[in-house]
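First the structure, in the form of structure tokens, and then the observations on it.
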Amino acid sequence: MIDFRIREVTIPAFLEQERVRWTRWIQRVAAVYGYRVGNVHYEFCTDEGELEVNRQFLGHDYYTDVITFDYSTPSILSGDIFISMDRVRENAHLAQVSEEDELRRIMIHGILHLTGQGDKTPASKIEMTRKEDLALQMW
């Protein structure tokens, strides 16, 4: 089950209107990596909400666009993915892409983390971007 939770923000209309399409896309991407989707919870929040999660659970004191907590098993993806809609909007503006395109990238970024993809080194960041791009082509 993939569900969307909203905390202190308005969920974008394009996401609400096409929940089934978004869910099927996420399931297809997970399948590429040999996973079925179990319980994946997206929580959309503000920068401040994301910062609170970052401080409380990770000990980090900075804003970020996505935080992923992985509860997956070897064949089933499960986790909580927190997304700052403030960062999505800002990133979209900076990259000169639509909010929808940026949200798609960030949502699948969280899924890729659940499949084991990291992004802490320069090489793994490049690989993450490559995998995001491949997933976006599946939209």
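Bear in mind that the values in this text are calculations on the coordinates, not laboratory data. Worth saying up front: this structure is predicted, and the values here are computed from it rather than measured. Note that each Cβ is placed from the backbone with ideal geometry, even for glycine, and that neighbours are counted across all protein chains shown.
Note on the stretch 82-139 and the stretch 13-48: Cα centroid distance 13 Å, given to the nearest whole angstrom. Placing unit charges on the Cβ atoms only, positive for Lys and Arg and negative for Asp and Glu, gives the stretch 4-139 a dipole magnitude near 680 debye about its Cα centre.
Checking every one of the trypsin sites (Lys or Arg not before Pro) in the stretch 24-121 against DSSP loop status and a limit of 11 other Cβ atoms within 10 Å picks out Lys120. If you run the Gaussian network model on the chain, springs between alpha carbon atoms under 10 Å, then out of Ile11, Ile108, Ile26 the most flexible one is Ile11.
Temperature 25 °C, viscosity 0.890 mPa s: under these conditions the Stokes-Einstein estimate for the stretch 92-139, based on its Kirkwood radius over C-alpha pairs, is 222 µm² per second. For the stretch 1-98, GluC sites (Glu not before Pro) are listed when DSSP marks them as loop and at most 16 other Cβ atoms sit within 10 Å of their Cβ; the list is Glu8, Glu18.
For a quick check of your reading of the filter: which chymotrypsin sites (Phe, Trp or Tyr not before Pro) in the stretch 34-65 sit in a DSSP loop and have no more than 13 other Cβ atoms within 10 Å?
Working: sites: Tyr35, Tyr42, Phe44, Phe57, Tyr62, Tyr63; in loops: Tyr35, Tyr62, Tyr63.
Passing both the DSSP loop test and the Cβ count: Tyr62.
The residue list Gly79, Cys45, Tyr33 was ranked by how far each Cα lies along the charge dipole of the stretch 26-124 toward its positive end, using unit charges on Cβ atoms, and Tyr33 comes out on top. For the stretch 37-42, backbone phi angles converted through the Karplus equation (6.51, -1.76, 1.60; θ = phi - 60°) give residue-by-residue couplings of 8, x, 9, 10, 10, 8 Hz, Gly and Pro being listed as x.
Gyration tensor analysis over the Cα atoms of the stretch 23-87 returns equivalent ellipsoid semi-axes of 25, 13, 8 Å (largest first, whole Å). Amide H contacts of Val40 (H built 1.01 Å from N, in plane; Pro and chain starts excluded): Ile2, Asp3, Gly79 sit under 5 Å, all sequence-distant by 5 or more or on other chains. Electrostatic bookkeeping for Arg21 treats Lys and Arg as +1 and Asp and Glu as -1; over the other residues with beta carbon under 12 Å from its beta carbon, the sum is +1. Here the gap between Ser124 and Arg5, fully extended at 0.36 nm per residue and compared with their Cα-Cα distance, gives a gain of 39.9 nm. Each principal axis of the Cα cloud of the stretch 2-137 was evaluated for its coordinate range; sorted largest first, these ranges are 35, 35, 28 Å.
Which percentage, to the nearest 5, of the DSSP beta bridges contained in the chain is antiparallel?
Percentage antiparallel, nearest 5: 30.
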